[in-house]
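*Asks:* Have a look at this one before I ask anything.
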Amino acid sequence: MVAASPDIIVAGGAVDARAVFAVTRTIPIVIVAGTDLVEGGLVESLAHPGGNVTGMTFLGGELDGKRLEVLHELVPETTRVAVIGDARIARSVTRTEALGAVAHRLGISIVPRLVNNLSEMETAYAASSAAGDQAIVVQQTTFAFENQPRILGLAAQLRLPAIYEVPDYVEHGGLISYGQMWRDNFERAAALVDKILKGARPGDLPIERPTKFELVINIRTATALGLNVSQSLLVRADAVIE
């Protein structure tokens, strides 16, 4: 891509951006949804990127507490929740630890189940079922998204209510999701591309944080799991799949 000398390169996330950043410090890079941009050396700061990278951040851990509250509202008898994350990502560990305060307030015990591959993912779900975990919080990672069909199949097979970060899971049979509105990220990224094409320098364009969030519920899946979705949740949902 760099050899083709494009005007701008749009990267889906920080992993993609780092691959491009390693070979060009001049072609503007716009990230649709990235994490650890400062820590990863892509920008000097969120307010003043300073180089050839700008874009949107991805809110994952910041919304974990809200997801746990939504899951507890949907399955109020829940006292034990497993968190499925990627053991290869340090952020998965810190996110799980940070959930402790919210979980304590709700009377919920958090069980970390971090995995390295699909085989361990299957083992983690089986262990959750055997240990009596009543629900699952699935952290959004590239690994999880790529194995979405298998993850959804495991949740259905073991009858474990699960909440996800992106609505794609729910559209394909998952129970519920809460997170930033991805369409808005792409639209904001397009606006940044427009500014750069009109002469703005990416290093002068602050990294933007998502401001729009969505709650999506799959009623068919809830019914299959024997769950009664409260009117309160239905009213607040941005989309209900029936």
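The values are calculated or read from the model by the stated rules, or taken from the named source; none is laboratory data. The model shown is predicted, which means the values in this text are computed figures rather than measured ones. All Cβ positions, even for glycine, are placed from backbone atoms using ideal geometry, and neighbour counts span all protein chains on display.
*Asks:* Within the stretch 147-170, count every residue that is modelled with pLDDT of 95 or more and farther than 22 Å from SER119 by Cα.
*Replies:* Residues flagged as modelled with pLDDT of 95 or more and farther than 22 Å from SER119 by Cα within the stretch 147-170 amount to 1.
*Asks:* Next up: Please enumerate the residues belonging to the stretch 174-194 that are in a helix (DSSP H, G or I) and either in contact (Cβ under 8 Å) with a residue 40 or more places away in the chain or in contact with a helix residue (DSSP H, G or I) (Cβ under 8 Å, 6 or more places away or on another chain) (or both). Let's see the steps before the verdict.
*Replies:* Taking the stretch 174-194 first, the residues in a helix (DSSP H, G or I) are 182-194.
Within the stretch 174-194, TRP182, ASN185, PHE186, ARG188, ALA189, LEU192, VAL193 meet the criteria.
*Asks:* Suppose the filter is small (Gly, Ala, Ser) and within 24 Å of the chain's Cα centre (by Cα); does GLY179 pass it? It would help to see each step written out before you state the result.
*Replies:* Details: small (Gly, Ala, Ser): yes; within 24 Å of the chain's Cα centre (by Cα): yes.
Considered against the rule, which asks whether it is small (Gly, Ala, Ser) and within 24 Å of the chain's Cα centre (by Cα), GLY179 comes out as yes.
*Asks:* May I ask you to list pairs of residues, at least six apart or on different chains, whose Cβ atoms are under 9 Å apart, with the first in the stretch 5-26 being closer than 13 Å to VAL43 by Cα and in the same structural domain as GLY199 (by TED's automatic domain parsing) and the second being at pLDDT 95 or above and among the small types (Gly, Ala, Ser)?
*Replies:* ALA17/ALA11; ALA17/GLY55; ARG18/ALA11; PHE21/ALA11; PHE21/GLY51; ARG25/GLY51
*Asks:* Let me ask something additional. Considering only residues that are touching a helix residue (DSSP H, G or I) at 6+ places or on another chain (Cβ under 7 Å) and farther than 30 Å from GLN134 by Cβ, look in the stretch 195-229 and name the one that is surrounded by the fewest Cβ atoms within 10 Å (Cβ to Cβ).
*Replies:* In the first step, residues of the stretch 195-229 are kept if they are touching a helix residue (DSSP H, G or I) at 6+ places or on another chain (Cβ under 7 Å); the result is 196, 202, 205, 208, 210, 212, 214-218, 227, 229.
If we keep only those that are farther than 30 Å from GLN134 by Cβ as well, we get 196, 202, 205, 208, 212.
Values: ILE196: 20, PRO202: 23, LEU205: 19, GLU208: 17, LYS212: 13.
The extreme case among them is LYS212.
*Asks:* On to the next question. Kindly provide the set of residues from the stretch 54-111 that are among the acidic types (Asp, Glu) and surrounded by fewer than 19 Cβ atoms within 10 Å (Cβ to Cβ), ordered by number.
*Replies:* Residues satisfying the conditions are GLU62, GLU69, GLU73, GLU77, GLU97.
*Asks:* What are the pairs with Cβ atoms under 6 angstrom where one residue, in the stretch 122-146, is part of a helix (DSSP H, G or I) and the other, located anywhere, is not hydrophobic (A, V, I, L, M, F, W, C)? Sequence gap at least six, or different chains.
*Replies:* So the pair list comes out as ALA124/ARG113; PHE143/ASP86.
*Asks:* Quick one: how many residues across the stretch 9-27 are touching a helix residue (DSSP H, G or I) at 6+ places or on another chain (Cβ under 6 Å) and crowded, with 17+ Cβ neighbours inside 10 Å?
*Replies:* The total comes to 2.
*Asks:* Answer yes if at least one residue in the stretch 224-234 is within 30 Å of PHE21 (Cα to Cα) and at pLDDT below 95, and no otherwise. Give the steps one after another, and end with the answer.
*Replies:* First pass over the stretch 224-234, keeping only residues within 30 Å of PHE21 (Cα to Cα): none.
Within the stretch 224-234 (the criterion being within 30 Å of PHE21 (Cα to Cα) and at pLDDT below 95), the answer is no, since none of the residues qualifies.
*Asks:* Could you check the stretch 155-166 and list, in sequence order, the residues that are closer than 22 Å to ILE89 by Cα and not in a loop (DSSP other than H, G, I, E, B)?
*Replies:* Result: ALA162, ILE163, TYR164.
*Asks:* Right, next: Quick check on the stretch 28-36. Is at least one of its residues assigned by TED's automatic domain parsing to the domain that holds ALA191, farther than 19 Å from LEU59 by Cα and not β-branched (Val, Ile, Thr)?
*Replies:* Checked against the condition, which is being assigned by TED's automatic domain parsing to the domain that holds ALA191, farther than 19 Å from LEU59 by Cα and not β-branched (Val, Ile, Thr), the stretch 28-36 yields at least one hit.
*Asks:* Among the helices (runs of 4 or more DSSP H) confined wholly to the stretch 1-111, which include 3 or more residues that are more than 23 Å from ILE217 (Cβ to Cβ) and touching a Pro at 6+ places or on another chain (Cβ under 9 Å)? If you could, list the steps in order and put the result at the bottom.
*Replies:* On the way: elements: 14-21, 64-74, 90-98, 100-106.
Per the criteria, 90-98.
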